[in-house]
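Engineer: Below is a structure I'd like to ask you about.
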Amino acid sequence: GAPPAPCPNSARAGRVTALRRAATAARGRRALHYAGCAALLALALTGGSLALGAARDSGGPRVAPASAAVLPGLLASGDLDAGIASLQAHLRDQPRDFGSWATLGLAYVEQARTKGDPARYPQADRAFARSLALRPGNDAALAGRAALAAARHDFEGALAFADRALAVNPYSERALSTRVDALLELGRYADAGKAADTADDRRPGIPVFTRYAYVRELRGDVRTAERVLKRALSSAAAPGDIAYVATQLGQLAWNQGDYRTALDHYARALAADDTYVPALEGRARAQAASGDRAGAVATLTGVVSRYPLPGPLVELGELYEASGDRARADEQYALVDAWTALARANGANTDLETALAAADHGDRAAALRAARAEWNRRRTVHTADALAWALHANGRDAEALPYARRATATGYRNASFLYHRGIIERAAGNTTAARRQLRAALELNPGFSPLGAREARKALKELEAAE
C-alpha cells in the first residue's frame, strides 16, 4: 500500500512530459498527467482488468490481457493453463496463502476471457471468497472481485469493489484501472476522466495510457488517442501488453478505414501472441474490408473453433451471409445464442450482446427487451446505439431517433453508429440527415460491416436517386 518511489528525471521521463505539453498546447486544455516515472512504464502493465472500447464496432467492452505485472510469475511462460496448474499445486501445499488465492481467482477470470468459457467465473468467485476468508478486506481479492464483476458486465458492482480495494490500498493498479473502466462503461465519462487522472498520479503506466486514449477517442480526438497508444506501445515489454496495445492501435486505424495500417498493427500484435483473439478478429475484419474474404473466413474459422465468442461468431456469420451461404451463417448465429445461455447461467450479463446480435440475426422482440434492460443499467454511447437499432428493428423509429443521435453526440467516430443513425433518420422521414449520416459512415470506414456497408450503399443510392 505504500506509494511508489519518486521518479528520476530521466530522458525517457522527459519525453513523456513533452507529450503532455504538446497535447496541452494543441487542445488548449489540461491533458492527463503524463509526467510519470518512465521506468514504471515497463513495469506497470495492463492490470488484467477490462480495457475499453467496443468488441465490435457497436459492441460491448473488450478485455485486456493479463500480464506478468498482474499475475506475478504466472504468465512469464505465456502458458496460462500451466500457470494455473502450478498455482493449484502450490495452494494444495499452502492452503492459507490468501494472496495466491486472489491471484488464482484473477487467472480464472483471464481464462474465461481467453477461452470464451464463462464457467470459470464461479471458480474465480470461490477463489476470491477463500482469499477474503483467510485475510478479510485484503485489497488483492477486492480488486479481483472488481475485475470479475466487470467481466460479468456488472459495472456498478465493479465500481463498488474497486472503491473498497482503494480504501485499503490507494495504489492498487488493478483497482485503479477497473474503476476507470467501470465509470466509462456506466457512461460517466467526466468521472472516468478524473479517475484516469488519479490513476496516472498514483500508478503511471500502460493501463492509464490506454484508458486515456479511449477517453480521447470517445470525444473524437483520434490524433491524440493514436499518439498516446504509440507511446504506450513503445513502453510495452511483456508479449501480452504488446499484443493488447498493438491491437488497440489496429482498432483505432480500422475505425478510420485505414486497413493497411490496421493490418500492420494486428501483425505486430500476433507476432507477440499468435492466439490473441481480438487481434485475430480485427485482422479478419481488415482482411474482409480489403477484399480478402477467403482470408477473413479462414482466420475467423480458426478463432471460433477454439474460442466461440459472440464477436467472431457474428463476424463469420455475416461473411457467410454476404456470400450467400445462409445455412452456414445461421449456424454461427445459433452458436451465439448457445454462448449467451451459458454466460447467463454463470452469472454474466449478456444483454448488450443479445441486443446487437438478435436485432440483425434473431428474435427482434428479445433484442429490444435486452437493449432496454441494458440501457436502464448503464447509459453509454454503445447502449444508446444498441437500443436505437433494436427499436428500429421493431419498427419504432420515432422512439429510436433520439437514442441514435445520442450515440453519435460525443464525436466518437464509428461507422456503424453513423450507419444506424442514417437508416433510422431515413425511416423517420429525414432524408437530408439520412444522406449525411450514410455518406459519413461510408467515407469514414467503407468496409465497416459485410452486410451493413452493403445496405448503407444501397440506401444512399436510393436516397440520391430520389434527391
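The values are calculated or read from the model by the stated rules, or taken from the named source; none is laboratory data. Here the structure is a predicted model, which is why all the values come from computation and not from measurement. Don't worry about glycine lacking a Cβ; one is built from the backbone with ideal geometry, like all the others, and counts go over all protein chains shown. Ligands, DNA and RNA are excluded from the accessible area calculation, which covers all protein heavy atoms including side chains. Shrake-Rupley method; radii C 1.70, N 1.55, O 1.52, S 1.80 Å.
Engineer: Taking the options Ala341, Ala400, Ala373, name whichever one is under 28 Å from Asp191 (Cβ atoms) and surrounded by fewer than 19 Cβ atoms within 10 Å (Cβ to Cβ). Reasoning before the result, please.
Structural biologist: On the way: Ala341 fails: under 28 Å from Asp191 (Cβ atoms); Ala400 fails: surrounded by fewer than 19 Cβ atoms within 10 Å (Cβ to Cβ).
Just one listed residue meets the conditions, Ala373.
Engineer: Of the numbered conditions (1) over 17 Å from the mean Cα position of the chain (by Cα); (2) part of a helix (DSSP H, G or I); (3) closer than 29 Å to Tyr214 by Cβ; (4) in contact (Cβ under 8 Å) with a residue 24 or more places away in the chain, His382 fails exactly one; give the number of that condition.
Structural biologist: (1)
Engineer: Select from region 183-214 the residues that are touching a residue at least 60 places away in the same chain (Cβ under 8 Å) and within 17 Å of Thr383 (Cα to Cα) and write down the one among them that is most open to solvent (accessible area, probe 1.4 Å).
Structural biologist: Among them, the one singled out is Tyr189.
Engineer: Return the total of residues in region 76-97 being crowded, with 17+ Cβ neighbours inside 10 Å and within 17 Å of Arg130 (Cβ to Cβ).
Structural biologist: 4
Engineer: Now, a different point. So, in region 385-397, how many residues would count as being open to solvent by 10 Å² or more (accessible area, probe 1.4 Å) and either basic (Lys, Arg) or touching a residue at least 60 places away in the same chain (Cβ under 8 Å) (or both)?
Structural biologist: Taking region 385-397 and keeping what is open to solvent by 10 Å² or more (accessible area, probe 1.4 Å), we get 389, 392-397.
Next cut, either basic (Lys, Arg) or touching a residue at least 60 places away in the same chain (Cβ under 8 Å) (or both) only: 389, 396.
Count: 2.
Engineer: Which one is surrounded by the most Cβ atoms within 10 Å (Cβ to Cβ), of the residues in region 133-149 that are of a type outside the set (D, E, K, R), touching a residue at least 24 places away in the same chain (Cβ under 8 Å) and part of a loop (DSSP other than H, G, I, E, B)?
Structural biologist: Looking at residues that are of a type outside the set (D, E, K, R), touching a residue at least 24 places away in the same chain (Cβ under 8 Å) and part of a loop (DSSP other than H, G, I, E, B), I get Asn138.
Engineer: Going by what's in this entry, would Arg426 be described as within 18 Å of Pro402 (Cβ to Cβ) and over 29 Å from the mean Cα position of the chain (by Cα)?
Structural biologist: Taking the combined requirement at face value, the residue satisfies it.
Engineer: A further question on this structure: Check Pro450 against each of (1) in a helix (DSSP H, G or I); (2) touching a residue at least 40 places away in the same chain (Cβ under 8 Å); (3) over 24 Å from Tyr214 (Cβ atoms) and name the one condition it does not meet.
Structural biologist: For Pro450, the exception is condition (1).
Engineer: Can you tell me how many residues in region 417-441 are part of a helix (DSSP H, G or I) and either open to solvent by 10 Å² or more (accessible area, probe 1.4 Å) or modelled with pLDDT under 95 (or both)? Outline the logic, then answer.
Structural biologist: Let us first name the residues in region 417-441 that are part of a helix (DSSP H, G or I), namely 417-427, 431-441.
Still in the running and either open to solvent by 10 Å² or more (accessible area, probe 1.4 Å) or modelled with pLDDT under 95 (or both): 418-421, 423, 426-427, 431-433, 435-437, 439-440.
So the answer is 15.
Engineer: Separate question: Looking at this structure, is Gly411 under 20 Å from the mean Cα position of the chain (by Cα), surrounded by fewer than 21 Cβ atoms within 10 Å (Cβ to Cβ) and in contact (Cβ under 8 Å) with a residue 12 or more places away in the chain? Working first, answer last.
Structural biologist: Details: under 20 Å from the mean Cα position of the chain (by Cα): yes; surrounded by fewer than 21 Cβ atoms within 10 Å (Cβ to Cβ): yes; in contact (Cβ under 8 Å) with a residue 12 or more places away in the chain: yes.
The answer is yes for Gly411.
Engineer: May I ask you to say which residue of Arg152, Arg164, Arg174 is surrounded by fewer than 24 Cβ atoms within 10 Å (Cβ to Cβ), touching a helix residue (DSSP H, G or I) at 6+ places or on another chain (Cβ under 8 Å), modelled with pLDDT under 95 and of a type in the set (D, E, K, R)?
Structural biologist: Result of the check over Arg152, Arg164, Arg174: Arg152.
Engineer: Additional query: All but one of (1) open to solvent by 40 Å² or more (accessible area, probe 1.4 Å); (2) in a helix (DSSP H, G or I); (3) at pLDDT 90 or above hold for Ala127; state the number of the condition that does not hold.
Structural biologist: Exception for Ala127: condition (1).
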